[in-house]
């Protein structure tokens with residue numbers, strides 16, 4: 001399984017840690033839940049808290065009615081601060097503040113801050129902005145109900161005081177506005193009077209309408225005169241053609257020669273035609289024409305009478321025609337004079353209209369509108385002032401208690417369901433924290449699967465726990481195991497060999513090195529057991545002690561380590577065959593021999609490659625295993641790995657910090673060594689595996705050895721000797737910790 005990048009949380013690793021430390025989790029969970037339950041039960045029995053409440057209507061109906069009114073109510077709104085509106089968040093802060101609660105607490109004989117934090121207020125519904133529910137939590141339900149009643153009366157008194165203060169401030173504001181409003185009305189009235197005086201007008205709009213009416217009459221008169229002129233011109237043309245007319249005669253033009261000519265023509269044409277001379281000529285002409293008509297009916301046209309009458313007619317007719325033409329000409333002159341008069345009057349009206357024009361009307365309307373607004377404001381002010389004075393005189397409470405104070409008989413604290421959920425949550429957190437902390441303090445690998453998931457390398461096999469003592473031989477180990485243990489160990493080693501064959505299928509894996517992170521991980525024992533198991537299978541195996549510092553492999557076979565392959569690096573090396581020891585028929589051992597002064601320098605020399613080639617050239621061995629030092633801080637495994645076919649990495653369970661193998665593997669992968677896989681070794685029994693600490697170290701050097709037991713007295717043991725009960729207590733605690741660390 002790939003490693004999780006730094007900074008990220010591996011949930012699977014956390015889950016596995018919780019499973020490993022489930023007893024720690026259950027213990028933390030149970031203890032926390034028990035403590036929460038005991039505290040909750042004790043508080044419920046001995047210190048319960050009760051809650052009471054009442055509902056308060058904080059909206060002002062008068063203010064709402066005022067908002068629906070006209071200008072006077074608008075002026076009232078200006079005089080008030082936030083009229084008709086309730087700022088619930090700020091109001092709640094005020095109602096629950098010490099400003100209102102401390103005086104009530106003092107009046108009830110309580111501490112000044114006794115009510116602060118115990119009184120809460122909230123809106124009943126989202127759409128009911130003017131309704132608040134005030135709650136009080138108190139341990140004594142009877143005293144709590146009394147406090148709620150006193151609190152409701154205190155809130156009502158506060159609302160009345162606030163109302164009176166607002167109204168007084170509003171009335172003061174209105175009184176301050178009175179001089180300005182009155183002065184404004186007087187000023188605009190004076191401006192309007194000056195305007196009328198300057199323009200000699202009362203109402204410019206009425207004067208403009210009058211001018212429009214007069215102009216319309218003159219234009220109608222002008223059209224009549226123009227029509228009369230056209231009639232006279234037509235009449236004049238008819239007379240010139242010889243068509244005479246009489247005052248009672250209406251010619252073909254449709255214009256009467258009588259009294260109807262005056263309105264149409266604008267001249268007294270009928271009067272001129274009705275004069276004595278004109279009438280006599282017309283009568284004579286008419287009489288002659290009548291006689292001529294009678295004579296023509298009786299006599300011939302050549303008769304003297306007819307000719308005489310014809311001559312008289314011809315004499316009278318031109319004279320009458322001249323008289324009629326003179327009358328028509330006189331009428332045309334009078335018509336033209338009247339049209340000129342109409343034009344003059346129209347020009348005067350146009351001049352007067354320009355004086356009383358739109359600009360003047362606009363100025364007058366603006367002044368009049370300003371006067372109306374100012375007068376309306378003054379009237380609204382007077383109404384509002386009277387209304388405020390009336391409201392100030394009234395003592396109506398703006399707020400109302402719509403549900404009386406009541407205290408519930410069931411305690412609200414402690415809340416059993418909430419405390420139970422809180423206990424479960426805190427218990428889970430405490431249990432998980434304890435389990436993870438214990439697992440972190442024991443930050444080791446616990447199982448082969450844990451190793452496989454924590455290291456990105458194939459797991460080749462696992463070696464079970466073996467009760468091997470220091471310097472004990474593997475033969476003695478096999479003898480002390482029972483049949484089942486021997487079978488399990490042998491199968492584990494054979495499975496490991498089969499896994500090796502599958503890792504490099506078809507490859508030549510003849511010379512292998514085995515290393516680990518630190519000393520004490522069972523690396524040397526694993527090499528010895530693996531070699532012995534393969535030898536039992538009939539393979540020829542050579543075990544080479546490649547740890548030139550510690551040299552322990554020969555001890556596992558109770559062999560002599562005085563001579564070994566370090567002599568092959570001298571100027572006169574012995575025969576390689578002479579250095580081999582045969583603990584068993586198919587198993588050979590090559591110890592180190594004398595410890596070299598600088599192992600790293602020796603293995604990095606060219607001679608080392610030649611020695612490895614000599615070992616590779618031995619034809620009788622099927623497999624050569626090198627036991628090498630730890631790879632975390634030493635370079636020898638990497639130097640040997642460059643000459644070998646592969647390298648096996650041993651990881652101990654329950655011993656090494658789980659971060660260290662990854663560091664060792666990075667060093668190996670950075671070299672030329674071919675890392676084949678990982679072998680796990682259980683260095684502790686199952687009961688102790690999960691409670692093992694860190695007490696390991698490297699200790700490599702030329703003077704390496706196990707530290708002797710300190711001879712100094714232990715102060716803790718001396719103290720426990722004086723107080724035996726403390727020792728019993730410590731032993732019980734250790735037993736409890738061991739039980740928690742056990743995995744079943």
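Before moving on, here are some points about what is shown:
Residue by residue, here is whether (1) surrounded by fewer than 17 Cβ atoms within 10 Å (Cβ to Cβ); (2) at pLDDT 80 or above; (3) more than 16 Å from residue 365 (Cβ to Cβ); (4) over 60 Å from the mean Cα position of the chain (by Cα) holds:
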{"residue": "177", "(1), (2), (3), (4)": "no, no, yes, no"}
{"residue": "180", "(1), (2), (3), (4)": "yes, no, yes, no"}
{"residue": "184", "(1), (2), (3), (4)": "no, no, yes, no"}
{"residue": "207", "(1), (2), (3), (4)": "no, no, no, yes"}
{"residue": "222", "(1), (2), (3), (4)": "no, yes, yes, yes"}
{"residue": "228", "(1), (2), (3), (4)": "no, yes, yes, yes"}
{"residue": "231", "(1), (2), (3), (4)": "no, yes, yes, yes"}
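- In the set 125, 146, only one residue is farther than 16 Å from residue 98 by Cα, out of contact with any helix residue (DSSP H, G or I) (no Cβ under 7 Å at 6 or more places or on another chain) and not in a helix (DSSP H, G or I); that residue is 125.
- Candidate set: segment 630-688, residues that are assigned to a helix (DSSP H, G or I), in contact with a strand residue (DSSP E or B) (Cβ under 8 Å, 6 or more places away or on another chain) and in contact (Cβ under 8 Å) with a residue 12 or more places away in the chain; chosen: the one surrounded by the most Cβ atoms within 10 Å (Cβ to Cβ): 637
- Among residues of segment 532-557 being buried (at least 20 other Cβ atoms within 10 Å of the Cβ) and out of contact with any helix residue (DSSP H, G or I) (no Cβ under 9 Å at 6 or more places or on another chain), the one that is nearest to residue 593 (Cα to Cα) is 551.
- Of the set (1) in contact with a helix residue (DSSP H, G or I) (Cβ under 8 Å, 6 or more places away or on another chain); (2) modelled with pLDDT of 85 or more, all apply to residue 410 but (1).
- Residue among 403, 462, 417 that alone is part of a strand (DSSP E or B) and surrounded by fewer than 18 Cβ atoms within 10 Å (Cβ to Cβ): 403
- Filtered residue count, segment 121-144, keeping only those that are closer than 18 Å to residue 400 by Cα and surrounded by 15 or more Cβ atoms within 10 Å (Cβ to Cβ): 10
- Residue, surrounded by the fewest Cβ atoms within 10 Å (Cβ to Cβ), within segment 598-624, restricted to residues that are closer than 19 Å to residue 547 by Cβ and touching a residue at least 40 places away in the same chain (Cβ under 8 Å): 602
- Of the residues screened, residue 702 is one that is modelled with pLDDT under 55 and either buried (at least 19 other Cβ atoms within 10 Å of the Cβ) or over 30 Å from residue 623 (Cβ atoms) (or both).
- Residue in segment 368-381 that is at pLDDT 80 or above and in contact with a strand residue (DSSP E or B) (Cβ under 8 Å, 6 or more places away or on another chain) present: no
- Picking from residues in segment 186-200 that are over 18 Å from residue 370 (Cα atoms) and surrounded by fewer than 13 Cβ atoms within 10 Å (Cβ to Cβ), the one that is modelled with the highest pLDDT is 197.
- Count - residues of segment 491-523 that are farther than 22 Å from residue 446 by Cα and in contact with a helix residue (DSSP H, G or I) (Cβ under 8 Å, 6 or more places away or on another chain): 7
- Subset tally (residues that are more than 33 Å from the chain's Cα centre (by Cα) and within 20 Å of residue 159 (Cα to Cα)) for segment 117-145: 1
- Pairs with Cβ under 8 Å, 6+ apart, first in segment 726-737 and within 18 Å of residue 715 (Cβ to Cβ), second surrounded by 12 or more Cβ atoms within 10 Å (Cβ to Cβ): 726/720; 727/720; 730/720
- Total residues in segment 568-583, condition surrounded by 14 or more Cβ atoms within 10 Å (Cβ to Cβ) and either within 12 Å of residue 643 (Cα to Cα) or touching a strand residue (DSSP E or B) at 6+ places or on another chain (Cβ under 9 Å) (or both): 5
- Filter pass, residue 292 being in contact with a helix residue (DSSP H, G or I) (Cβ under 9 Å, 6 or more places away or on another chain), modelled with pLDDT of 70 or more, on the phi < 0 side of the Ramachandran plot and assigned by TED's automatic domain parsing to the domain that holds residue 236: yes
- Number of the condition not met by residue 523 [criteria: (1) within 23 Å of residue 618 (Cα to Cα); (2) in contact with a strand residue (DSSP E or B) (Cβ under 8 Å, 6 or more places away or on another chain); (3) modelled with pLDDT of 85 or more]: (1)
The values are calculated or read from the model by the stated rules, or taken from the named source; none is laboratory data. None of the values given here were measured: they were computed from a predicted structure. Heads up, the Cβs are rebuilt from the backbone with ideal geometry, glycines too, and the neighbour counts pull from every protein chain shown.
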